[in-house]
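Chemist: Okay, here's the structure, questions in a sec.
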Amino acid sequence: MASETKGNWWIWKVFWILLFITAFEVALGMIKPPFLVDTIFLGTKLLNHIFIILTIIKAAYIILEFMHLGHEKKSLKWTVLLPAMVLVPYLLFIILSEGVHSYLMI
Amino acid sequence: MDEALIKDHKPAWKGGDLPYKASYGKLMMWFFLITDTLTFSAFLASYGFSRFKYQDSWPVPEDVFTHFPFLHGDHPLLFVALMTFILIMSSVTMVLAVNYGHKMQKNKVILWLVLTIIGGSMFLGSQAWEWGHFIHGDKGAVVTNGSSSYSINDSLFVNSNLAHVFKDGHMYSIDNLSEGNHHDSAHSDDIDFDNFISAFASEKDLNLRLSDKTILDHDVAVEYLKERGLRTIKGADLYENEYGHTLFGDYFFFITGFHGFHVFSGVVLLIILLVNVIKDTYARRGHYEMVEKIGLYWHFVDLVWVFVFTFFYLV
């Protein structure tokens, strides 16, 4: 494993990235820029899309760096990532569109 | 060796290869985490379903999670931001423990494991505080009979089964109107409620916000309370809560509870790990891979929180 000889600097780099993204999210959540709140895209506020994208970036750093998956063998990487990358968006698509549909039916 | 496995007088596969270049234990931890990912995805997806379905009576998160220990006033997001920071920090200390495990430096592993355990415990304490606040309640609300739409003064209102008292655009505590006599925090009786209505009627600058976020002017609000109001409510349980739709409280307890249980399990695993590191179990074994495996679980707990933070508190 290559990381055995690596120092600790990369850990703190990831830490600062995660901290910065979280602080940015909290600031956005407190300020709520009207432009981002009022623009509706794909059924929800633009602000929410930004939150979701930032969350996925944070998740990627945790999985690939902290959990070291980015440095594992390619086959292991995809064994872990593919089920989630296929099933979760599928589940969300089905369930959330049904949620909107059942709202319209009340 | 089974005869069928032997080709050219050599065994076809005698084990020992690591196709994934990862040990059995690490692979099994990864597979467990995949299943756990799907479990949490299902929880959050069903949360999303209910939120879309009951969007008219779903609370605004900023109205719900506004408190910070020892600070007065409304501080939306601040406390969960602190909890997120604590958990990210404990993830960092965990990676450092794993890193020193690779280098076989026992004392550094102990140091960072202890800090991770402290971080995890702080997170659990924060969550307990948050739950306490959620259960105990904050501003309170009025439970109304919202089975059908109805009209007052020729204006039509949609159904609503919860209403919040508002003053100058801010939520106003019902404690100010009911002389603080909540023996039973969730239910108060009819006489109390009549007193509540007259107290509400006497303060002309009070409005009522229905659960679909429409604001009723004072006079209409008094009419609404007399006609539709049933009782006041404070706090939350699994049947109802002061914040909005019942399912909001249920999902809060269920999802943050399930995540908190993961954190708790993680802290227990870390303590067992720490004892074994101190007892030189892994030094004798020749590697600190167990730190890495528990570390994977711990980072997963952080990962789940990142999503819970977004979908429960931000979105």
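Chemist: Report those helices (runs of 4 or more DSSP H) wholly inside chain A carrying at least 3 residues which are in contact with a helix residue (DSSP H, G or I) (Cβ under 6 Å, 6 or more places away or on another chain), farther than 19 Å from residue B:34 by Cβ and not hydroxyl-bearing (Ser, Thr, Tyr).
Modeler: Those helices (runs of 4 or more DSSP H) span A:9-31, A:46-61, A:74-105.
Chemist: Taking the criterion of being within 13 Å of chain A (Cβ to nearest Cβ), closer than 30 Å to residue B:276 by Cα and in a helix (DSSP H, G or I), would at least one residue in region B:50-60 satisfy it?
Modeler: There is no residue in region B:50-60 that is within 13 Å of chain A (Cβ to nearest Cβ), closer than 30 Å to residue B:276 by Cα and in a helix (DSSP H, G or I).
Chemist: Looking only at region B:279-315, count how many residues are open to solvent by less than 10 Å² (accessible area, probe 1.4 Å) and either acidic (Asp, Glu) or at positive phi (or both).
Modeler: Number of matching residues: 1.
Chemist: Filter region A:49-87 down to the residues that are open to solvent by less than 80 Å² (accessible area, probe 1.4 Å) and farther than 29 Å from residue B:93 by Cβ and list them by number.
Modeler: A:49, A:50, A:75, A:83, listed by residue number.
Chemist: Also, I was wondering about something else. Just checking, does region B:67-85 include any residue being more than 9 Å from chain A (Cβ to nearest Cβ) and of a type in the set (Ser, Thr, Tyr)?
Modeler: So far as region B:67-85 goes, no, none of its residues is more than 9 Å from chain A (Cβ to nearest Cβ) and of a type in the set (Ser, Thr, Tyr).
Chemist: Right, here's the next one. Exactly one condition in (1) open to solvent by less than 30 Å² (accessible area, probe 1.4 Å); (2) without any contact (Cβ under 8 Å) to a residue 40 or more places away in the chain; (3) of a type in the set (Gly, Ala, Ser) is not met by residue B:266; state its number.
Modeler: Failed condition: (2).
Matching residues to (1) in a helix (DSSP H, G or I); (2) among the hydrophobic types (A, V, I, L, M, F, W, C):
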residue	(1), (2)
B:208	no, yes
B:223	yes, no
B:226	yes, no
B:257	yes, no
B:268	yes, yes
B:274	yes, yes
B:291	yes, yes
B:304	yes, yes
B:310	yes, no
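Chemist: Could you say whether any residue in region B:59-77 is at positive phi, touching a residue at least 60 places away in the same chain (Cβ under 8 Å), among the aliphatic types (A, V, I, L, M) and open to solvent by less than 40 Å² (accessible area, probe 1.4 Å)? It would help to see each step written out before you state the result.
Modeler: Here is the first cut: in region B:59-77, the residues at positive phi are B:70, B:73, B:77.
Imposing the further condition that a residue be touching a residue at least 60 places away in the same chain (Cβ under 8 Å) reduces the set to B:77.
Those left that are additionally among the aliphatic types (A, V, I, L, M): B:77.
If we keep only those that are open to solvent by less than 40 Å² (accessible area, probe 1.4 Å) too, we end up with B:77.
Scanning region B:59-77 turns up at least one residue that is at positive phi, touching a residue at least 60 places away in the same chain (Cβ under 8 Å), among the aliphatic types (A, V, I, L, M) and open to solvent by less than 40 Å² (accessible area, probe 1.4 Å).
The values are calculated or read from the model by the stated rules, or taken from the named source; none is laboratory data. Note that the structure is a prediction, hence the values are computed from the model and not measured. A quick note on method: Cβ atoms are made from the backbone with ideal geometry, for glycine too, and the neighbour counts reach across all protein chains shown. What goes into the accessible areas is simple: the full protein's heavy atoms, side chains included, and nothing from ligands, DNA or RNA. Shrake-Rupley method; radii C 1.70, N 1.55, O 1.52, S 1.80 Å.
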